[in-house]
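**Q** What follows is a single structure, and I will ask about it in a moment.
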Amino acid sequence: MNCNGEKSIDVRNCLDRRFQLDGDRYIWRSTVGKFIVSVIPWRTNANTDCVRVVVYDCLTDLEVEEWSHSVRCTDNWRERLQELVGKAMIRAQHRPMCPDCNQSGAECVPLVVRASAKNRSQFFGCANYREKGCRQTLSIDHAFAPGGFTLNQKFRTGIALLSPAR
């Protein structure tokens, strides 16, 4: 039951066992990529049950809009929810790293979610932007696609390094 006395949507059996109930939502924290995946059941004004899968960047506290989706609870919604949650968890495990700042061999510098001042569109930008003026960016929708950055087989401090696709 939710706070209105209505029966809430049971999503527990659709989720990985690592998700923990946190109030009205289930959350999973990626220790490697530093993202949070949140699964939130909700009801629309038209009394339609839905589930929202939201990915947050823990380093900037921004929702990654490109990776967040809603599922209406109709037909095969449990399968669609499992697919979306699985994709969100895979993406949350991999944080892009700045190829320019990481070439110096120093500490790994992550790319973090930022929002454009002009149109509020999101992108990955170097965490050293303000500190050292690094202007390296990467489109969120191309972060792990061919032509964007690709996962390198090297790992440092548990975070995958990314290098430009060849």
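Computed from the coordinates by the stated procedures, all read-outs in this text should not be read as laboratory data. Predicted model only: the values in this text are computed from it and were never measured. Quick reminder, even Gly has a Cβ in these numbers, built from the backbone with ideal geometry, and neighbours come from all protein chains shown.
**Q** Aspartates and glutamates within cross-link reach of LYS132: Cα-Cα under 12 Å, excluding same-chain residues under 8 positions apart?
**A** Those aspartates and glutamates meeting the cut-off are ASP100.
**Q** So, R0 is 35 Å and r is the distance between the beta-carbons of THR48 and LYS87; what FRET efficiency does that work out to, to 0.05?
**A** Details: r = 23 Å, r/R0 = 0.66.
Calculated transfer efficiency: 0.90.
**Q** Something else now. Straight-line reach from LYS34: which aspartates and glutamates have a Cα under 12 Å away, not including same-chain ones fewer than 8 places off?
**A** ASP57, ASP61
**Q** List the relative contact order of the range 39-146 as a percent without decimals, with contacts defined as Cα pairs under 8 Å and 6+ residues apart. Please list the in-between numbers first.
**A** Details: 151 pairs, mean separation 18.8, N = 108.
RCO, the range 39-146: 17 percent.
**Q** What's the exposure ranking of MET97, MET89, going from fewest to most Cβ atoms within 10 Å? Don't skip to the answer; put the middle values down first.
**A** Numbers: MET97 23, MET89 20.
Result, fewest neighbours first: MET89, MET97.
**Q** What number, in nm² with one decimal, is the all-direction average of the projected area of the convex hull of the alpha-carbon atoms of the range 12-92? Write out the running numbers ahead of the final one.
**A** On the way: hull surface 22.2 nm².
That works out to 5.6 nm².
**Q** List SER30, SER139 from most exposed to least, where exposure is judged by having the fewest other Cβ atoms within 10 Å.
**A** Working: SER30 20, SER139 14.
Lowest to highest Cβ neighbour count: SER139, SER30.
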